[in-house]
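The values are calculated or read from the model by the stated rules, or taken from the named source; none is laboratory data. Remember, predicted model here, so these are calculated numbers, not experimental data. Here the Cβ positions follow ideal geometry from the backbone for every residue, glycine too, while neighbour counts run over all protein chains shown. Areas reflect the complete protein model, heavy atoms only, side chains present, ligands, DNA and RNA absent. Shrake-Rupley method; radii C 1.70, N 1.55, O 1.52, S 1.80 Å.
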Amino acid sequence: MIRQTVWPFKLERTDDTLTAHGGLALLAEYNHGLGLRTLADQHLPGPGSHRGYAPSVFVDTAVLLLQAGGQTLEDLRALEREAALLARLGHDALPDPDTLGDWLRLMGDPQTGQAGLDGLSRVRDTLTTRLLRRDTVTDYTLDVDATLIEADKREAQWSYQGVKGYLLLLDFLFETPICLIDEFRPGNVSPGSRHLAFYRACQARLPQGKRIAAYRADSTSYQADLLNTLEAGGVHFAITADQDAAVNTLIRELPEAVWQAPLPGCGYEVAETVHTMNKGTHAFRLIVKRTRRRQPDLFDGETYVYHAVASNWPIERKRAHAVLCWHNQRGQAENFHKELKAGFGLERRPCGAIGANAVFFRLGVLAYNLFIGFKQLACPAAWAAHTIATVRWRLIQVAGHIVRHAGQVILTLAVEAEMLARFRGIRRQCWALRAGT
């Protein structure tokens, strides 16, 4: 028999000015210091009347909501409980969920040219430039991938995977990892469309003195015009090859003697040949990995499973196995997707209209990129690998008490002395960023 215990405490309410997200003040100062509010008012359409909110109110509120852990527009009601803290950060009022939803639909309305979506693109690009200018990297690796978000919304379309939703084409810089460009598409759009245009757009968005030096992607980027452009620009690439008739013929013609296991007991073999596409201007290395099937009888007697990668890495710089290992690093992009979609609540769509959902997703990209910069530029170096969930637990979700004393506002945090010193150090970095923007 389980004995039931009544714990010796009572529940009461207080009128003291408290906060459950004391560390959110640091992120808010950082966002403001990097220029988020100013850029929003500069690039997005203003209110239709003097009674409406400025664009910066919507953008800054949505970004803070997603950084704090909100996943739906209704979570704004929970953020309202932080009104005392936000008021000290210049947020005199917060839009309610319905007002924010109306603004998303207006900003993404095709009849107005989706002016808000275009404006957020310029905000994203400017913030990205400010972040990238502050790192020491000059040659970046671009990881390109498409991802699907399932959604049973009014304008969601059936995808090639047999589910309704939206297709997202995302380009991440591996070394940062900033999301350089995002495109929100209907689910029925081919994941292989416009890859060349995306590459050119990414290259154009890098600050002066920086460039895309390497490109990795799956078979959706296996396109002759893209490979020609990468080769002409001196960009090293490794792209999963379509196993079309020409590639399959090359694989079957490889002599048995060229297949080698790169490591003892690794369970697979590697070989390579040279290939060019019908519209290609240059030949490239075709590196093939084969793994023995466990039950070939189930596959018409096919003994091996093949995986082919097209690459222009010079053989003296990367042998075949090294190219495959480097190409496999693009799997890290899945972690970038997970952090962006799950970490910032972007797996849910707030509206039925695709334009409004595209605006909300771009706001999420802003929140994600700002957070990446926050870790790199303001936080201790040991925090670089922390996810947003970890930073929320360690930094944002800290209880505090807001008091006025001797004409000053004091935020008293429930942390030990070492952590308070860390908070103060992060805040000093935020001030330094503001001064240098």
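Side notes on the structure shown:
- Between helix 55-68 and the chain: long-axis angle, C-alpha atoms, 0 to 90°, nearest 10: 80 degrees
- Axis of helix 115-132 versus longest Cα principal axis of the chain: the two differ by about 80°, to the nearest ten degrees.
- Rounded D (µm²/s) - the stretch 332-376, Kirkwood Rh over Cα pairs, Stokes-Einstein at 4 °C, 1.567 mPa s: 118 µm²/s
- For the chain, relative contact order (Cα pairs under 8 Å, six or more residues apart, normalised by length) works out to 23 percent.
- Angle in degrees between helix 332-341 and the longest Cα principal axis of the chain, rounded to the nearest 10: 30 degrees
- Normalised Debye scattering of the stretch 264-408 at q = 0.09, 0.20, 0.21 Å⁻¹ gives log10 I(q)/I(0) of -0.59, -1.11, -1.17, counting only Cα atoms as equal scatterers and leaving out solvent.
- Extension reserve of the Asn248-Arg319 stretch, reckoned as 0.36 nm per residue once the Cα distance is removed: 23.4 nm
- Backbone phi angles across the stretch 377-382, fed through the Karplus curve with coefficients 6.51, -1.76 and 1.60 (θ = phi - 60°), yield HN-Hα couplings of 9, 10, 9, x, 4, 5 Hz in residue order; Gly and Pro are listed as x.
- Solvent-accessible area per residue, Å², over the stretch 357-402 with all protein chains present [probe radius 1.4 Å]: 30 Å²
- Percent carbon-and-sulfur accessible area, the stretch 280-437, ignoring ligands, DNA and RNA, probe 1.4 Å: 50 percent
- Annotation: per residue accessible area for the stretch 58-154 equals 42 Å², rounded to a whole number [probe 1.4 Å, protein chains only].
- Environment charge of Glu150, counting only residues whose C-beta is closer than 9 Å and scoring Lys/Arg +1, Asp/Glu -1: -1
- In the chain, lysine pairs closer than 30 Å at Cα, eight or more apart or cross-chain: 17
- Counting only Cβ charges, +1 for Lys and Arg and -1 for Asp and Glu, the dipole size of the stretch 141-223 around its Cα centre is about 300 debye.
- Distance cut-off 24 Å, percentage of C-alpha pairs in the stretch 1-142 lying past it: 45 percent
- Using the Karplus relation 6.51 cos²θ - 1.76 cosθ + 1.60 with θ = phi - 60°, the per-residue 3J(HN,Hα) values for the stretch 315-326 come to 5, 6, 9, 9, 5, 4, 5, 5, 5, 4, 5, 5 Hz, with x marking Gly and Pro.
- Cα gyration tensor shape for the stretch 77-144, rounded if a/c is under 1.5, else prolate or oblate: oblate
- Solvent-accessible area of Asp143, all protein chains in place: 0 Å² (probe radius 1.4 Å, heavy atoms, ligands and nucleic acids excluded).
- Placing Cys325, Cys379 in order of accessible area, with the largest value first and a 1.4 Å probe, yields Cys325, Cys379.
- Rolling a 1.4 angstrom probe over the protein heavy atoms with all chains in place gives the stretch 202-262 an accessible area of 43 Å² per residue.
- Most mobile of Pro55, Pro314, Pro350 in a GNM of the chain (Cα contacts under 10 Å): Pro314
- Over the chain: Kirkwood hydrodynamic radius from C-alpha pairwise inverse distances, Å: 24.4 Å
- Whole-Hz couplings from phi, Karplus 6.51/-1.76/1.60, listed for the stretch 261-277; x for Gly and Pro: 7, x, 9, x, x, 6, x, 8, 10, 10, 9, 8, 9, 10, 9, 9, 8
- The fraction of accessible area contributed by carbon and sulfur in the stretch 1-155 is 49 percent, rounded to a whole number (1.4 Å probe; ligands and nucleic acids excluded).
- Prolate/oblate/rounded label for the stretch 166-305 (Cα gyration tensor, a/c 1.5): prolate
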